Amino acid sequence: KPFADGQWRWVWPGMGVGVRPEGTGSFATFLRAQETSPTLVLAHAKIGDAGALEIANFLADSRHLVRLDLTGNDISSTGALHLAKAAKLRGTLQSLVLRHNRVGDEVNCLVEVCREFSDNPSLKHLDLRHNGISGADLVKPIGEMLRANSCLSHLELSWNPLEVAGGQVLEEHLKVNTTLFDCQLSGCRLANETLLRIAELLRRNRKAKGADMQAGPYEAWLEACSGRPGRALPPVVPFGGPEGFAWKLSNKVTAARTDDFVNRLQAWRVCPGDTLIEASRQADEMIEYLQRASRQLAQEQEVTRQTSEHARLLQEGFQAREMRYRGHVASAKEQLLEYAREHEDLRAVLTRYSDRLNLDRESTDQVKQDWKRARERIEAEEARLKSDLALVTGDTRILAKRAEELEEACNRREAENKELRLRAERLREGVNLVKPSFTVT
């Protein structure tokens, strides 16, 4: 049935998005019906690894399958391994789409998958977008596949979190690869410098192989190769080889050959002999037919010339537009490189300010820690002084009370002493009054 993009795809009856064909028997029947189809699309059918195994068996037996799309089918690295082995065994598959699956769920199995793809003799396009391939450990087997493979020209790894380390591993393996023309890396969290270096490596490969310098994703590349305006199509060799082609050219209808036939018919008509009237009439009809055909041929040749001239002008216009666009692309690349250099300068400034900010933060943290320790020390000293003050205050109160008691005791003693002095004085006065009147002899 035709899809929204204008392409025809095989769709199993009742199998919509997220629906798997019911039963292995009906699925096998569906696959058998596609034995002569060059393209098989089972997008979002949720066939899983079991369905991938059935398709691998079908691929191993198919001599016509060239493009296989298994987008969004919950296929793990185990199912991808079945497909990789089948593709290597048959050697006819050129495009394999496995986006929105789980190929990166297990490292060891992914290593086996990449090992099978590394010496595949026919695969030119591999789509692994949205497959959970993350980090340098999962990128390494893909890089080793690119190092060993000599056929793959288009690889799509977008929206896999390869990170900076994974991008560096991929770049190192691409340095020894000479066949990869395009590698889609959108949303892979790679450094801008790594992306620029990878783009230069891919451009080197395209230039070395004489490929289109503006090569992009595989679908766009196929559309360009199938007949882009202004692009020369491959020559068609007629049946029978060059000799047959020369024979066909020798029988080409021209005005000179038509005039020659007309002259020969007129000479034959006027020749004396037993020429029949019917034959003469047929000769006149033939002459009239040839003359009419000659006029029509001249008109058609004029139309052909005008069409050729129009096509030539269109081709020159397209070529001029292509050269203009190439100039725009070259200037855009220069501007992009200038932006990249400016970005590096700004990154250096940012790094310098970041280092300075980190130093300021460290000094601020040190000041905060010193202030915290001083505050704790002051609080401890304040608590100790408050405790000493409380003790001194208590002692002062006790001493004040004791002083009051002593002062009261002193006052009492003073009163008692005063009383005693008074009594002593009285006694002394009494003693003086009672002096004896006799003398002791």
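Computed from the coordinates by the stated procedures, all read-outs in this text should not be read as laboratory data. Since the structure is predicted, the reported quantities are computational estimates derived from the model, not experimental observations. Reconstructed Cβ throughout: ideal geometry from the backbone, glycine too, with neighbour counts over all protein chains shown.
Note down the net charge around Asn108, summing +1 for each Lys or Arg and -1 for each Asp or Glu among other residues with Cβ under 14 Å from its Cβ.
Neighbour charge sum, excluding Asn108 itself: -4.
If the cut-off is 13 Å between C-alpha atoms, which aspartates and glutamates fall inside it for Lys175, apart from same-chain ones fewer than 8 positions away?
Cα-Cα hits under 13 Å: Glu144, Glu200.
For the range 67-177, just say rounded, prolate or oblate: build the C-alpha gyration tensor, square-root its eigenvalues into a ≥ b ≥ c, call rounded for a/c under 1.5, and beyond that prolate if a/b exceeds b/c, oblate if not.
oblate
Step through the table entries Lys88/Lys207; Lys124/Lys209; Lys140/Lys333; Lys46/Lys140; Lys124/Lys333, compare each Cα-Cα distance with 25 Å, and write down the pairs that go over it.
The pairs that break the limit, which is 25 Å between Cα atoms, are Lys88/Lys207; Lys140/Lys333; Lys46/Lys140; Lys124/Lys333.
Which ³J(HN,Hα) values in Hz, rounded to whole numbers, follow from the phi angles of the range 385-401 under the Karplus curve 6.51 cos²θ - 1.76 cosθ + 1.60, where θ = phi - 60° and Gly and Pro get x?
5, 4, 5, 5, 5, 4, 5, 5, 4, x, 5, 5, 4, 4, 5, 5, 5
Once the Cβ-Cβ distance between Leu89 and Lys209 is put in as r, and R0 is 22 Å, what FRET efficiency do you end up with, to the nearest 0.05?
With R0 = 22 Å, the Cβ-Cβ based efficiency is 0.20.
Mind checking which aspartates and glutamates have their C-alpha under 18 Å from Lys368, skipping anything on the same chain fewer than 8 residues away?
Asp360, Glu376, Glu379
What number comes out for the charge environment of Arg377, summing +1 per Lys or Arg and -1 per Asp or Glu over other residues with Cβ under 13 Å away?
Here the charged neighbours net out to -1.
Please work out the ratio of the alpha-carbon Rg of the range 325-441 to 2.2 N^0.38 Å and round it to two decimals.
3.62
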